[in-house]
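Bear in mind that the values in this text are calculations on the coordinates, not laboratory data. Being a predicted model, the structure only gives us computed values, none of them experimental. Heads up, the Cβs are rebuilt from the backbone with ideal geometry, glycines too, and the neighbour counts pull from every protein chain shown.
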Amino acid sequence: MIVLFTDFGLSGPYTGQMKAVLHREAPGAAVIDLFADAPAGNPKASAYLLAAYAPSFPEGTIFLCVVDPGVGGVRPPVVLEVDGRWYVGPGNGLFELVRRRAGKVRCWEIDWRPERLSASFHGRDLFAPVAAMLACDASPPGKVRDCARDARSEWPDDLAEIVYVDHYGNAMTGIRAAILPAGTKLVVAGQVLDRATTFSDRQPGTAFWYENANGLAEIAVNQGRADRALGLKIGDPVEILT
Amino acid sequence: MIVLFTDFGLSGPYTGQMKAVLHREAPGAAVIDLFADAPAGNPKASAYLLAAYAPSFPEGTIFLCVVDPGVGGVRPPVVLEVDGRWYVGPGNGLFELVRRRAGKVRCWEIDWRPERLSASFHGRDLFAPVAAMLACDASPPGKVRDCARDARSEWPDDLAEIVYVDHYGNAMTGIRAAILPAGTKLVVAGQVLDRATTFSDRQPGTAFWYENANGLAEIAVNQGRADRALGLKIGDPVEILT
Amino acid sequence: MIVLFTDFGLSGPYTGQMKAVLHREAPGAAVIDLFADAPAGNPKASAYLLAAYAPSFPEGTIFLCVVDPGVGGVRPPVVLEVDGRWYVGPGNGLFELVRRRAGKVRCWEIDWRPERLSASFHGRDLFAPVAAMLACDASPPGKVRDCARDARSEWPDDLAEIVYVDHYGNAMTGIRAAILPAGTKLVVAGQVLDRATTFSDRQPGTAFWYENANGLAEIAVNQGRADRALGLKIGDPVEILT
């Protein structure tokens, strides 16, 4: 199974062209859209999101990840094998949290190049063919790379920021709920929020935080939109009150 | 074939995670996105939409339906078999019109539970695995339930409201066009609208209603957007002038 | 492989219903979404977009194309075979540039009709079944048609207009970059833009044009949105300064 994690957006020809390459090079491989709207041009916020969502996929899953504002620049194209799952994409920090939270990690720098490599669409021309190779059980086409070279040691283990706002207006933070002691409150946009277990725990219109279905602390409003009610967007800071 | 009918929205990781479960539990089953933008948190409007779109699918189709504002609350998880098609989702009225318009109906309450059931994402954790079981020809994992228990008898047979606004700005009502006598006019937002057969029947800019390709009375403007021209949104009342 | 090119939008039941037909009539055929947001109701702009994106697909690909403001009107439903690829859709100019830039072209007018043909959704009722027939290696169900009958000779070889704005706010023109001499500047919204090779060539915030990954001249802003910075939308004129 190849899982797509990109900031290509829902519209436009980008995801479709990648899928056409995957279909041609790895016919029959299942391809699943996870995020097409990862934080745009923001590998850091994306890294916390990816690390929260990847572990629920089975071993052998290949994550084809493209949040790559430096396409055409100098970041290396990389492959990682982390606890039995594969990751293909730019070495710009996008895999930092997946790597940091892992047991066993191996890294490669992709040195394979396609016949034609566009300057702006490595997702289609470089990363998708490599993901297809892995789906066909080939080895990563490149040299082993010291994983530490791409580390972002200065990034925290949990990111106290909004990293994603979903269709319902719920705002995910980059904080794993499991690290927060019982009774923790979160402060965003000047509001102090209690923890709830489910939406129906709370009065309609009340803002709260809860552990979402992938373990992130998420800010929501029962029968409302937290993004509008609190004025939240990606990058907004979150304070932890324990 | 498994058909998805949800209010998860187009963006975000929800549909992808459900598809990953379906792929794992029912590999090879075709999965089709019908609506990812059913009326959000609105099982009633969604029920009329689903009942209009489901009958065109072949027997054996499994509809995985999640419009579930009460997730984590008390509504029962259910399976219905209706005229040879299967429906999996919350027993919150979402299947009311499918059931009411049917010949033969059987209902079950799902009593199977996964190893890990999140509080907020039964679509992934409960309903998708059950849909996958049905796709693998298993029986519904639960007890037969009296279908009448979930009935919404107070809901009308046709809903004289806007239930969906599409990409073109066309506004679908919850009224089957076939029940409307010849010469029927619809009144919305203070405007009296005549019936047309096709868009090109009407002058550019003129609002009208017509029977859409799935049998619903739909309000449109030739070469324009009815939602903007008339200020329409989901829930707006429609009056029938016969 | 069947590739979808429509203006159905990302939301709503249109693409899903077409895919259900394709699955029923050509089970196992891969279906790829290329554009669901081709310029709405605009076969001319769509024609330049399609001609830029189609050639990268392999021979034998079937393009199911629906940008069809005249549905229910008089435009003929057509099939084209162009350099080994198939195109199915309305004969309203949508295939003009594909045809004009081709080596070998054959055209048919579809005379097959389904049992039930809705007035407004030929994509599902007529074009999808025909695409499925082609995917099953059937001949086009119709009579050979003189391709010149649907020609739009008055349309230019390259369209000096914005034809698409993507998720990042980049604005594609209908001009092939390869026809522009070195040193060409493009003028849009009163601004004179230089050519760049990659985004990272330019200072953040600077507008420029570049050859996109499918050969079109595209207007962008490094780390910004060209559509907002320059106020661009589909149909805006572009001037070529050589």
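Using DSSP, restrict attention to beta bridges with both residues in the protein assembly as shown and report what percent are antiparallel, rounded to the nearest 5.
Antiparallel: roughly 70 percent of the beta bridges in the protein assembly as shown.
Report the charge-dipole magnitude of the range A:130-204 in Debye, nearest 20, computed about the Cα centre from +1 at each Lys and Arg Cβ and -1 at each Asp and Glu Cβ.
40
Label 7 Å along Cα→Cβ of A:Ile179; the range A:141-169 residues with amide nitrogen under 13 Å?
Answer for the range A:141-169: A:154-161.
What does the charge count near A:Ala148 come to, summing +1 for each Lys or Arg and -1 for each Asp or Glu among other residues with Cβ under 12 Å from its Cβ?
That works out to +2.
Not counting the cut sites, what is the longest span of chain B without GluC sites (Glu not before Pro) that DSSP labels loop and that have at most 14 other Cβ atoms within 10 Å?
The answer is B:155-242.
Compute the relative contact order of chain C as a whole-number percentage, counting only Cα pairs closer than 8 Å that sit 6 or more residues apart in sequence.
Values: 496 pairs, mean separation 41.2, N = 242.
Worked out over chain C, it gives 17 percent.
Going by amide H atoms built from the backbone, whose H comes under 5 Å of the H on A:Leu193, apart from near neighbours?
Under 5 Å from the amide H of A:Leu193: A:Leu186, A:Val187, A:Val188.
Tell me the mean residue ellipticity at 222 nm calculated for chain B from its helices only (DSSP H runs of n ≥ 4, each -39500 (n - 2.57), averaged over every residue, nearest 500).
On the way: 5 runs with 41 residues, N = 242.
It comes out at -4500 deg cm²/dmol, rounded to the nearest 500.
Does anyone have the angle between helix A:14-25 and the longest principal axis of chain A? Alpha-carbon axes, 0 to 90°, nearest 10?
In chain A, helix A:14-25 runs at an angle near 40 degrees to the longest axis.
Relative contact order (percent) for the range B:122-228, with alpha-carbon contacts under 8 angstrom and 6 or more residues of separation?
22
For a quick check: with amide H placed at 1.01 Å from N, whose amide H comes under 5 Å from A:Val78's, ignoring anything fewer than 5 positions away on the same chain?
Excluding prolines and chain starts, which carry no amide H, the hits are A:Gly89, A:Gly91, A:Ile110.
How big is the range A:169-242 by the Kirkwood estimate over distinct Cα pairs, in Å?
Radius from the Kirkwood sum: 12.0 Å.
With Kirkwood's inverse mean 1/r over C-alpha pairs for Rh, give me the Rg to Rh ratio of the protein assembly as shown, two decimals please.
0.95
What residue among A:Leu64, A:Ala119, A:Pro27 has its Cα farthest toward the positive end of the dipole of chain A, where the charges are +1 on Lys, Arg and -1 on Asp, Glu, each on the Cβ?
Projecting each Cα onto the dipole axis, the largest value belongs to A:Ala119.
So what's the angle, to the nearest 10 degrees on a 0 to 90 scale, between helix B:43-53 and the longest Cα principal axis of chain B?
For B:43-53 against chain B, the angle is about 80 degrees.
Let me know the Rg and Dmax you get for the range B:22-107 when you use only its Cα atoms, in Å.
Rg then Dmax for the range B:22-107, in Å: 12.7, 34.
Every cysteine in the protein assembly as shown with no other Cys Cβ under 4.7 Å from its Cβ, please list them in numeric order.
Singleton cysteines: A:Cys65, A:Cys136, B:Cys65, B:Cys136, C:Cys65, C:Cys136.
Taking every DSSP beta bridge with both residues inside chain C, roughly what % is antiparallel (nearest 5)?
Of the beta bridges lying entirely in chain C, close to 70 percent run antiparallel.
Distance from the Cα centre of the range A:111-185 to that of the range C:191-242, in angstrom?
Here the answer is 28 Å between Cα centres.
Relative contact order for the range C:1-111: what percent, with Cα pairs under 8 Å and sequence separation of 6 or more?
Here the relative contact order equals 28 percent.
Once you sort the root eigenvalues of the Cα gyration tensor of the range B:1-67 as a ≥ b ≥ c, which label holds: rounded (a/c under 1.5), prolate (a/b larger than b/c) or oblate (the other case)?
Oblate, since a/c reaches 1.5 and b/c is not below a/b.
Alpha carbon centre of the range B:53-90 versus the range C:30-90: separation in Å?
Distance between centres, Cα-based: 34 Å.
Quick one: what Rg and Dmax do you get for the range B:52-199 from the alpha carbons, in Å?
17.9, 57
Quick one: of A:Lys104/A:Lys143; B:Lys185/B:Lys233; A:Lys44/C:Lys233; B:Lys185/C:Lys233; C:Lys104/C:Lys143, which pairs are farther than 27 Å apart, Cα to Cα?
A:Lys44/C:Lys233; B:Lys185/C:Lys233
Mind checking the dipole of the range B:7-106: about its Cα centre, +1 per Lys or Arg Cβ, -1 per Asp or Glu Cβ, Debye to the nearest 20?
280
Quick one: go through the range A:14-41 and flag any residue whose amide nitrogen is under 14 Å from the point 7 Å out along the Cα-to-Cβ line of A:Glu115.
Inside the label zone: A:25.
At C:Asp83 and A:Ala29, where each label point lies 7 Å from the Cα along Cα→Cβ, what is the point-to-point distance in nanometres?
2.7
Which residue, A:Phe127, A:Phe35, A:Phe57, has the most motion in a Gaussian network model of chain A that connects Cα atoms within less than 10 Å?
Result for chain A, Cα springs under 10 Å: A:Phe57 fluctuates most.
Run the quick spin-label model on A:Trp155 and C:Leu241: label points 7 Å from Cα toward the beta carbon, then report their separation in nm to one decimal.
Between A:Trp155 and C:Leu241, the label points sit 4.1 nm apart.
If you put +1 on each Lys and Arg Cβ and -1 on each Asp and Glu Cβ, how big is the dipole of the protein assembly as shown around its Cα centre, in Debye rounded to 20?
Approximately 240 debye in magnitude.
Local charge sum around A:Lys185 (other residues, Cβ-Cβ under 12 Å, Lys/Arg +1, Asp/Glu -1)?
-1
Which one of A:Val82, A:Thr6, A:Gly142 has its Cα pushed farthest toward the positive end of the charge dipole of chain A, where Lys and Arg give +1 and Asp and Glu give -1 at the Cβ?
Farthest towards the positive end: A:Gly142.
With point charges of +1 on the Cβ of Lys and Arg and -1 on the Cβ of Asp and Glu, referenced to the Cα centre of chain A, which listed residue (A:Pro129, A:Leu159, A:Ala229) lies farthest in the positive direction of the dipole?
With unit charges placed on the Cβ atoms, the residue in question is A:Pro129.
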